[in-house]
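**Q** My questions will all concern the structure given below.
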Number of protein chains: 2
Amino acid sequence: MTTPPAADITELIDVIQPRLRDRDLTAIGDAVGAVSTDQMTALLDRLPVKQRAVVYRLLPKEKAIDVFERLAPRSQGDLVLGLQDAEVVSIFSDLDPDDRVRLVDELPAALATRLLRGLRTKDRELTAELLGYPSGSVGRRMTPEYVSVRADHTVEESMRRVRAGLEQAETVYTLPVLDEKRRVVGVVGLRDLLSADPGAHVSEIMGRTETATAYDDAEAAARECTGLGVLALPIVDNESRLVGMLTIDDAVRVLEGEETEDSARQGGVEPLRRPYLATPLRALFSSRVVWLLVLAVGATLTVQVLSIFEETLEQVTVLAWFVPLLIGTGGNTGNQAATTVTRALALNDIGPHDVGRVLVRELCVGIALGSLLGALGGVITAVIYEPAIGVVIGVTLLAVCAMAATIGGIMPIVARVLRVDPAVFSNPFITTFVDASGLVVYFLIARAVLQI
Amino acid sequence: MTTPPAADITELIDVIQPRLRDRDLTAIGDAVGAVSTDQMTALLDRLPVKQRAVVYRLLPKEKAIDVFERLAPRSQGDLVLGLQDAEVVSIFSDLDPDDRVRLVDELPAALATRLLRGLRTKDRELTAELLGYPSGSVGRRMTPEYVSVRADHTVEESMRRVRAGLEQAETVYTLPVLDEKRRVVGVVGLRDLLSADPGAHVSEIMGRTETATAYDDAEAAARECTGLGVLALPIVDNESRLVGMLTIDDAVRVLEGEETEDSARQGGVEPLRRPYLATPLRALFSSRVVWLLVLAVGATLTVQVLSIFEETLEQVTVLAWFVPLLIGTGGNTGNQAATTVTRALALNDIGPHDVGRVLVRELCVGIALGSLLGALGGVITAVIYEPAIGVVIGVTLLAVCAMAATIGGIMPIVARVLRVDPAVFSNPFITTFVDASGLVVYFLIARAVLQI
């Protein structure tokens, strides 16, 4: 398991915390000595911020960097603030340039500037280069430390370059192939170099590759990398010249962050920046409160609608009983459509120009679902209550399902066109929207059928 | 971009379809000649099932296999049914064993058996081995074609083994290191072999590795692989002996499938097995209808509750106006908690034994949110309507938020304990549950405050 059974971590915390109070650092050092990198990462996230730095200092240097790299960026920021300057400078210079850039985003600007100034010239230049790309772009997540080969070089010559770059490069398994102007013309795998005739030219054995530009959205580039199933994707500038490589493990980290974000937004919460148990209660609160208030304000529309139809409600009070059922079903139908379309957008299965197709499909599915539910609901209501009410409920279910599926399917595409994350028009948002309009439909149908 | 701008595909379809009708296959061959593998995959998914086989046949052999591997398993199944037996046999034997196993799961049993019988002995054995692991286990997703090295071998000897296995193995960049009983004792990267002294022993340069057993859940093993940031994870049997490797690109595919599943369930739909536009309308319908019916039946509880409180409603009709607002807010709060906790479970940030911590945290956050909303809602209602109604609304908001956050936070953990996918206790499910209980709370509070 990635994360070891968390029970072990709870036990570890129980062992460590009394010793932290007693300042018995040797005993803690012993206790954490055998702990795996993963367990250590989880452990640090679970300790109060002040204790983290104390425990972190007890790790052997090599392991300390491994653990640090595995922490969420926000947790890295928390930890750094608890350490001494000299310790931070040392961690900072040991990080890969792309990891360094992620950390810089989490730190107070003054500290970040100081740290950057403390780097060796080479490292500072590499880091500054990445920081020059816009936030959210793949330029910030790629590694500028790669080995490239030339199309007109021989396999033997290329292998020499690989060996020379082994120490420094983040990846040597997928090698970008460049022409004389540093433009990417293909890729070659290390295994292809190993199996090829040493005298052959790289151009004879290289394969085609896709590329992304450093200014592209990191998520799109990451999905390109994982979608192609390649170990690294060449990242180029606007003149197709190589500037870095996005490795698949970094691509996976980008996508995991995006999935967390989408999943959160779908539920109407802002994504957490730290693991759940490491998130302070006030951060949990603030991740939810804004959306909840916005949605509650939206929901006051339903109060308006019901007060407008006050008379109808007073004449036939039984109508009130079905309000939660009807708007609930509408909300569910809308959610279903929105969920499906949002995911299809995220996977690039559809794009904004498919809006017509989505509209037709969702309308058809909504009518089909509404007909079934309406028939069932109408008949049952007619039998239990009275036929006229049955007709009202049946027709309303049909109308609400058709409307909700269409709105739920279109909204994520509208969001994409407006260049907003489609997951922002989240399920709760659609529910609230469908609630109010569903009620209007309900009472109009009731008035027509019951002739009041 | 992974998927090229889909507008191009629409154009391609417009070019191809008239020629399919005219049986002008040469022209189609020309049109698809320059199309990239990705575009071709998307194109096939968008064509009617019968036309797919025709277009697929026009692809050059090498490209045909690449395209086939990129299709969703269900789309592979669709395509196979349209091809001639001989063509299918040829595709089937060209696939990697793990891809073959995924396809077998999609095919009618008779066809699968016939295809398996047609394989060369070696391929049949490898495939049968994978098929022997339970569905959903990592044993079915790993590759049995790997190169392993021995801890007591020299680097030079190991490089010879790598060169010998280059042709056949799916991965050679991360090499499992075995002892004399084939037990995994570490891993060594190809780059470490390249940079090491040829006379050194593998045991001197190898690193530690995690492993998973072939019977482990594929998602857990995949998250382990991507979480560790390794290119391949050794998969072992119950005696720690190596049986395969899970490569990171296969791990990513497993996780992408799981994310799609989780995201779907969170919205109360069954996951689609094909890309959205390739999904027939009846499959869209059936992915939603069961959940929608279940939820509608659950929602009849709200009708019951309201009919029980009929008298209260008739005495103070204004109470009905706030029903959608109150249950909507409860549903949103519950969704937020459920979304956060479900994601934390998926990322292994928390486990079932954290149920107490989650309960306390969610209760606190729920009370905080409820207090804020209750105070605002209560005051506004008191001003607009009357003070007593304001008190009812305020207190109800507080109670409903606290209850909904707690239920929403606990339900996913309950699901995990019951060994059900936490995403199954989805947001619509929680909304429906919170709706009915929220109404009971509302009317009890109203009766107490208004003394009716």
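The values are calculated or read from the model by the stated rules, or taken from the named source; none is laboratory data. Just so we're clear, the structure is a prediction, and the values are computed from it rather than from any experiment. No Cβ is skipped: glycine too gets one built from the backbone with ideal geometry, and neighbour counts run over all protein chains shown.
**Q** Quick one: which of A:ASP22, A:ASP85, A:ASP30, A:ASP66 is surrounded by fewer than 20 Cβ atoms within 10 Å (Cβ to Cβ) and under 19 Å from A:ALA112 (Cα atoms)?
**A** A:ASP85
**Q** From the list A:LEU293, A:LEU284, which one is crowded, with 23+ Cβ neighbours inside 10 Å, modelled with pLDDT of 90 or more, part of a helix (DSSP H, G or I) and in the same structural domain as A:LEU347 (by TED's automatic domain parsing)?
**A** That would be A:LEU284, the only listed residue that is crowded, with 23+ Cβ neighbours inside 10 Å, modelled with pLDDT of 90 or more, part of a helix (DSSP H, G or I) and in the same structural domain as A:LEU347 (by TED's automatic domain parsing).
**Q** Is it the case that A:PRO387 is out of contact with any helix residue (DSSP H, G or I) (no Cβ under 7 Å at 6 or more places or on another chain), more than 22 Å from B:LEU281 (Cα to Cα), more than 11 Å from chain B (Cβ to nearest Cβ) and not polar (S, T, N, Q)?
**A** Against the criterion (out of contact with any helix residue (DSSP H, G or I) (no Cβ under 7 Å at 6 or more places or on another chain), more than 22 Å from B:LEU281 (Cα to Cα), more than 11 Å from chain B (Cβ to nearest Cβ) and not polar (S, T, N, Q)), A:PRO387 qualifies.
**Q** Also: Please specify each residue of the range A:121-150 satisfying the condition of being outside any helix (DSSP H, G or I) and touching a Ser or Thr at 6+ places or on another chain (Cβ under 7 Å).
**A** A:THR143, A:TYR146, A:VAL149
**Q** Can you say whether A:THR209 is within 27 Å of B:ASP38 (Cα to Cα), within 14 Å of another protein chain (Cβ to nearest Cβ) and buried (at least 19 other Cβ atoms within 10 Å of the Cβ), as far as the supplied structure shows?
**A** No: the conditions fail for A:THR209.
**Q** Quick one: A:ASP179 ticks every box in (1) closer than 17 Å to B:ARG191 by Cα; (2) touching a strand residue (DSSP E or B) at 6+ places or on another chain (Cβ under 6 Å) except a single one, so which number is it?
**A** Looking at each condition in turn, A:ASP179 falls short on (1).
**Q** Would you tally the residues in the range A:115-125 being surrounded by fewer than 20 Cβ atoms within 10 Å (Cβ to Cβ) and either in the same structural domain as A:GLY189 (by TED's automatic domain parsing) or closer than 17 Å to A:GLN76 by Cα (or both)?
**A** 1
**Q** What is the number of the single condition among (1) more than 27 Å from the chain's Cα centre (by Cα); (2) within 7 Å of another protein chain (Cβ to nearest Cβ); (3) free of Cβ contacts under 8 Å to residues at least 60 places away in the same chain that A:VAL297 does not meet?
**A** (2)
**Q** Being hydrophobic (A, V, I, L, M, F, W, C), facing another protein chain (nearest Cβ under 10 Å) and in contact with a Ser or Thr (Cβ under 9 Å, 6 or more places away or on another chain) is the filter here; which residues of the range B:165-195 pass it?
**A** Hits for the range B:165-195 are B:LEU166, B:ALA169, B:LEU190.
**Q** Quick test for you: out of A:THR127, A:THR154, pick the one residue that is at pLDDT 95 or above and touching a helix residue (DSSP H, G or I) at 6+ places or on another chain (Cβ under 8 Å).
**A** A:THR154
**Q** Tally up the residues in the range B:401-452 that are within 11 Å of chain A (Cβ to nearest Cβ) and outside any helix (DSSP H, G or I), please.
**A** Qualifying residue count for the region: 1.
For every residue, the table says whether it meets (1) modelled with pLDDT of 90 or more; (2) touching a Ser or Thr at 6+ places or on another chain (Cβ under 7 Å); (3) surrounded by fewer than 24 Cβ atoms within 10 Å (Cβ to Cβ).
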{"site": "B:ALA404", "(1), (2), (3)": "yes, yes, no"}
{"site": "B:ILE410", "(1), (2), (3)": "yes, no, yes"}
{"site": "B:VAL420", "(1), (2), (3)": "no, no, yes"}
{"site": "B:VAL424", "(1), (2), (3)": "no, no, yes"}
{"site": "B:VAL441", "(1), (2), (3)": "yes, yes, yes"}
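**Q** Would you pick out the residues in the range A:181-201 that are outside any helix (DSSP H, G or I) and under 26 Å from B:GLN168 (Cα atoms)?
**A** A:GLY186, A:VAL187, A:VAL188, A:GLY189, A:ALA196, A:ASP197, A:PRO198, A:GLY199, A:ALA200, A:HIS201
**Q** Answer yes or no: is there a residue in the range A:126-136 that is within 14 Å of another protein chain (Cβ to nearest Cβ) and surrounded by 15 or more Cβ atoms within 10 Å (Cβ to Cβ).
**A** no
**Q** Filter the range A:235-249 down to the residues that are of a type in the set (Asp, Glu) and either in a loop (DSSP other than H, G, I, E, B) or farther than 17 Å from B:TYR173 by Cα (or both) and list them by number.
**A** A:ASP237, A:GLU239
**Q** Then there's this: Of the numbered conditions (1) crowded, with 19+ Cβ neighbours inside 10 Å; (2) under 20 Å from A:ILE452 (Cβ atoms); (3) at pLDDT below 95, A:GLY394 satisfies every one except a single condition; which is it?
**A** Result: A:GLY394 passes all but (3).
**Q** So A:VAL243 ticks every box in (1) more than 8 Å from every other protein chain (Cβ to nearest Cβ); (2) surrounded by fewer than 18 Cβ atoms within 10 Å (Cβ to Cβ) but one. Which box is left unticked?
**A** (2) is the only condition that A:VAL243 fails.
**Q** Next question, about the same structure. So B:LYS50 clears everything in (1) surrounded by fewer than 21 Cβ atoms within 10 Å (Cβ to Cβ); (2) within 23 Å of B:GLY257 (Cβ to Cβ); (3) not aliphatic (A, V, I, L, M) except one condition, right? Which one?
**A** Result: B:LYS50 passes all but (2).
**Q** Filter the range B:162-206 down to the residues that are of a type in the set (Val, Ile, Thr) and over 20 Å from A:LEU194 (Cβ atoms), then identify the one that is surrounded by the fewest Cβ atoms within 10 Å (Cβ to Cβ).
**A** Checking each candidate, the answer is B:VAL185.
**Q** Under 7 Å between Cβ atoms, at least 6 apart or on separate chains: pull out the pairs that start in the range B:73-92 with a residue that is under 16 Å from B:ARG46 (Cα atoms) and end on any residue that is acidic (Asp, Glu).
**A** The qualifying pairs are B:PRO73/B:ASP105; B:PRO73/B:GLU106; B:ARG74/B:GLU106; B:SER75/B:ASP45; B:GLN76/B:GLU106; B:GLY77/B:GLU106.
**Q** Here's something else I'd like to know. Determine whether B:VAL172 is at pLDDT 95 or above and either touching a helix residue (DSSP H, G or I) at 6+ places or on another chain (Cβ under 7 Å) or more than 15 Å from A:ARG191 (Cα to Cα) (or both).
**A** The answer is no for B:VAL172.
**Q** Between B:LEU233, B:LEU119, which is among the hydrophobic types (A, V, I, L, M, F, W, C) and more than 22 Å from the chain's Cα centre (by Cα)?
**A** Just a single option satisfies the conditions, and that option is B:LEU119.
**Q** Can you name every residue in the range A:212-234 that is part of a helix (DSSP H, G or I), within 11 Å of chain B (Cβ to nearest Cβ) and not basic (Lys, Arg)?
**A** If the condition is that a residue be part of a helix (DSSP H, G or I), within 11 Å of chain B (Cβ to nearest Cβ) and not basic (Lys, Arg), then A:GLU219, A:ALA220, A:ALA221, A:ALA222, A:GLU224, A:CYS225, A:THR226, A:GLY227, A:LEU228 are the ones that fit.
**Q** Still on this structure: Any idea how many residues of the range A:151-180 are within 16 Å of A:MET206 (Cα to Cα), of a type in the set (Val, Ile, Thr) and in a strand (DSSP E or B)?
**A** Adding up the residues that qualify gives 3.
**Q** For the range A:9-29, enumerate the residues that are in contact (Cβ under 8 Å) with a residue 12 or more places away in the chain and either out of contact with any helix residue (DSSP H, G or I) (no Cβ under 9 Å at 6 or more places or on another chain) or among the small types (Gly, Ala, Ser) (or both).
**A** A:GLY29
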